[in-house]
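Participant: Supplied in structure tokens, the structure appears directly below.
Any read-out appearing in this document is the output of simple, stated calculations on the displayed coordinates, not a laboratory observation. Keep in mind the model is a prediction, meaning the values are calculated, not measured. Backbone-built Cβ (ideal geometry, glycine too); neighbour counts: all protein chains shown.
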Amino acid sequence: MSADLPPLLGESPAFREALEHVSRVAPLERPVLVIGERGTGKELIAARLHYLSRRWDRPFVKVNCAALPETLLDSELFGHEAGAFTGATRRQIGRIEQADGGTLFLDEIATASPAVQEKLLRAVEYGEIERVGGRTATVDVRVVGATNADLPALAEAGRFRADLLDRLAFDVVTLPPLRARPEDIPPLAEHFALGMVRELERALFPGFAPSALAALCGHDWPGNVRELRNAVERSVAAADPDQPIAAIVLDPFASPWRPRERHRVVEPAAETAVAEATPEGEAGGILEEVRAFESAKLREALERHRFNQRQTAQALGLGYHQLRGMLKKHGLI
């Protein structure tokens, strides 16, 4: 087995189930889709699928479909002949041919254009590719695609080829978000902290204070493991190396001098003119709608941050006492 098998940390039931799924499907010579939110480790799972397969000693080639415009992605994937377009002075072998005998990982596959999807379908279905400029080649490649998009919904809306989806979705590995595996947060945080301590060449890691662990476990981590890693590493770097880490820097943008989007202020005279021009019943209706909208937004933010008022205030760009005043106004506390 290759020493390149990527480490994946976690013992939660949801995560272990996903890894068992990967182990079952890895030996099969079929395409696989890896679905998950940003930061859940889709590329690590794709690498695991490769290194647990019979292709483990062959190339593992990665392409981010969102990083290139259509024409460049076409050339990058399928290659081109000399003279195929301006600047093409010699033949270029594409990533699919580079992955011959191995695995091709297509990240952000939902962003590929219809023309690229059509050529991918032929490569997956028949093992044939056509370089830009007309030369056809045969390849033996296992395709692993990854996305955080709802591919069946995109196919139904005509924004992703249904026949390509049928071929790619021989099996689908769906990764749980970090909020669904809270018991994995402390060991992951310690792992990232130890790595940062080594990078900073410090003598030891003093651990997390209870307040820091509470902050780690209380956050909903929309950026998942990638966000957790960034938060832990920046917190370790900012902390006293001889004291347990007491504060987690969740938002690196937090600052009293942070630039804010400026909202137009209605002058009193203009406000009076609007009020005079608006029938009384209509004005009351608008005010009610604004109040209901504000209340709904506050309730949604509270639920998203598990009713932690300080985190909710920070997320909304409000002061703590300012948020509490608004909550009282709407009867939410």
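Participant: What distance in nm lies between label points placed 7 Å from Cα along the C-beta direction at A209 and K297?
Facilitator: 3.4
Participant: Let me ask something else about it. May I ask you to evaluate 6.51 cos²θ - 1.76 cosθ + 1.60, the Karplus curve with θ = phi - 60°, for each residue of the stretch 250-258 and list the ³J(HN,Hα) values in order in whole Hz, giving x for glycine and proline?
Facilitator: Karplus values, whole Hz, x for Gly and Pro: 6, 10, x, 8, 4, 6, x, 9, 5.
Participant: What ³J(HN,Hα) values, in whole Hz, does the Karplus curve 6.51 cos²θ - 1.76 cosθ + 1.60 give for the stretch 184-192 when θ = phi - 60°, with x put for Gly and Pro?
Facilitator: Computed from phi, the couplings for the stretch 184-192 are 8, 5, x, x, 5, 4, 5, 4, 5 Hz.
Participant: With N residues in the stretch 13-176, what two-decimal value do you get for its Cα radius of gyration over 2.2 N^0.38 Å?
Facilitator: 1.02
Participant: Summing -39500 (n - 2.57) over the DSSP H runs of n ≥ 4 in the chain and dividing by its residue number, what mean residue ellipticity at 222 nm do you reach, to the nearest 500 deg cm²/dmol?
Facilitator: -14000 deg cm²/dmol
Participant: If one takes the longest principal axis of the Cα atoms in the chain, at what angle in degrees, from 0 to 90 and to the nearest 10, does the Cα axis of helix 280-304 lie?
Facilitator: Value to nearest ten degrees: 60.
Participant: Nearest 5 is fine: what % of DSSP beta bridges in the chain come out antiparallel, could you say?
Facilitator: Of all bridge pairs located within the chain, approximately 15 percent are antiparallel.
Participant: Taking Cα pairs under 8 Å and at least six residues apart, what relative contact order does the stretch 179-238 come out at, in percent?
Facilitator: Relative contact order, the stretch 179-238: 51 percent.
Participant: What percent of all Cα-Cα pairs in the chain falls in each 10 Å bin, counting up from 0?
Facilitator: Reading upward from the zero bin: 5, 19, 22, 20, 18, 11, 5, 1.
Participant: Using only the Cα atoms of the stretch 179-238, what do you get for the radius of gyration and for Dmax, in Å?
Facilitator: 11.1, 34
Participant: Roughly how tilted is helix 42-51, in degrees to the nearest 10 and between 0 and 90, from the longest Cα axis of the chain?
Facilitator: The angle comes out at about 30 degrees.
Participant: Hey, another quick one. Which value in nm describes the separation of the simple spin-label points at V290 and E130, placed 7 Å from the Cα toward the beta carbon?
Facilitator: For V290 paired with E130, the spin-label model returns 6.0 nm.
Participant: Going by how many other beta carbons lie within 10 Å of each one, how would you line up W257, W221, fewest first?
Facilitator: Taking fewest neighbouring Cβ atoms as first place, the list is W257, W221.
Participant: Treating cross-link reach as a plain straight distance, find the aspartates and glutamates whose alpha-carbon is under 17 Å from the alpha-carbon of K329, omitting any fewer than eight places away in the same chain.
Facilitator: Once the sequence-local aspartates and glutamates are set aside, what remains near K329 is E288, E289, E294, E300.
Participant: Still on this structure: Quote the FRET efficiency, to the nearest 0.05, computed for E70 versus R122 with a Förster distance R0 of 22 Å and r equal to the Cβ-Cβ distance.
Facilitator: Computed FRET efficiency for E70 and R122 comes out at 0.85.
Participant: What distance in nm separates the simple spin-label points at D251 and H191, each placed 7 Å from Cα in the Cβ direction?
Facilitator: Once both label points are built, they end up 2.9 nm from each other.
Participant: Report the longest stretch of the chain that contains none of the trypsin sites (Lys or Arg not before Pro) sitting in a DSSP loop with at most 15 other Cβ atoms within 10 Å.
Facilitator: Segment 203-259 is the longest.
Participant: Something else: With axes computed from alpha carbons, what is the tilt in degrees of helix 13-25 against the longest principal axis of the chain, rounded to the nearest 10 within 0 to 90?
Facilitator: 20
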